[in-house]
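Here the structure is laid out as structure tokens; the discussion comes afterwards.
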Amino acid sequence: QVLLVESGGGLVQPGGSLRLSCAASGSFFSINAMGWYRQASGKERELVATITRGGSTNYADSVKGRFTISTDNANLNTVVLQMNSLKPEDTAVYYCAADLSFDAVVHGGADYWGQGTQVTVSS
């Protein structure tokens, strides 16, 4: 079993930055990939970024060049989403996801999910 806990959300003005963290605990052998999703009010959940144990990263087109996903080590103990140049349309609840399968993370079928953290971009 893996427990994911997100932190770092909050209110920020347009153009500002936030840093989200996802701390994983439990069986790290159950994780080969992690990702960040977001869900805005009234909208479907959207994949934001992914990272694998090998360090490969991918981003949604809407956040490329503004967001960066990283991890502190190959075990994916902590995954960080650095969000810069934030826009009002980035407002959403952000969720961390993890799975043994990269495909499961990409397609929203990850076994492990965090509780979510609210990000609000507003002046």
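The values are calculated or read from the model by the stated rules, or taken from the named source; none is laboratory data. Keep in mind it's a predicted model, so treat the numbers as computed, not measured. Glycine gets a Cβ as well: all are built from the backbone with ideal geometry, and neighbour counts include every protein chain shown. Accessible surface is based on the protein model in full, side chains and every heavy atom, while ligands, DNA and RNA are left aside. Shrake-Rupley method; radii C 1.70, N 1.55, O 1.52, S 1.80 Å.
For the range 74-83, does any single residue satisfy the condition of being without any contact (Cβ under 8 Å) to a residue 24 or more places away in the chain and surrounded by fewer than 20 Cβ atoms within 10 Å (Cβ to Cβ)? Yes, because at least one residue in the range 74-83 is without any contact (Cβ under 8 Å) to a residue 24 or more places away in the chain and surrounded by fewer than 20 Cβ atoms within 10 Å (Cβ to Cβ).
Filtered by the rule that a residue be crowded, with 17+ Cβ neighbours inside 10 Å and hydroxyl-bearing (Ser, Thr, Tyr), the range 96-117 gives Tyr112, Thr117.
What do you reckon, is Gly55 open to solvent by 80 Å² or more (accessible area, probe 1.4 Å) and at positive phi? No.
Filtered by the rule that a residue be modelled with pLDDT under 95, farther than 17 Å from Tyr95 by Cα and either surrounded by 15 or more Cβ atoms within 10 Å (Cβ to Cβ) or among the hydroxyl-bearing types (Ser, Thr, Tyr) (or both), the range 1-31 gives Ser27, Phe28, Ser30. Say whether the condition of being in contact (Cβ under 8 Å) with a residue 60 or more places away in the chain and open to solvent by less than 30 Å² (accessible area, probe 1.4 Å) is met by at least one residue in the range 84-95. Yes: the range 84-95 contains one or more residues that are in contact (Cβ under 8 Å) with a residue 60 or more places away in the chain and open to solvent by less than 30 Å² (accessible area, probe 1.4 Å).
Scan the range 89-107 for residues that are part of a helix (DSSP H, G or I) and under 12 Å from the mean Cα position of the chain (by Cα) and the total you get is 2. Hey, could you check the range 37-51 for residues that are of a type in the set (D, E, K, R) and either in a loop (DSSP other than H, G, I, E, B) or out of contact with any helix residue (DSSP H, G or I) (no Cβ under 8 Å at 6 or more places or on another chain) (or both) and say which is nearest to Thr71 (Cα to Cα)? Among those residues, the one meeting the criterion is Glu46.
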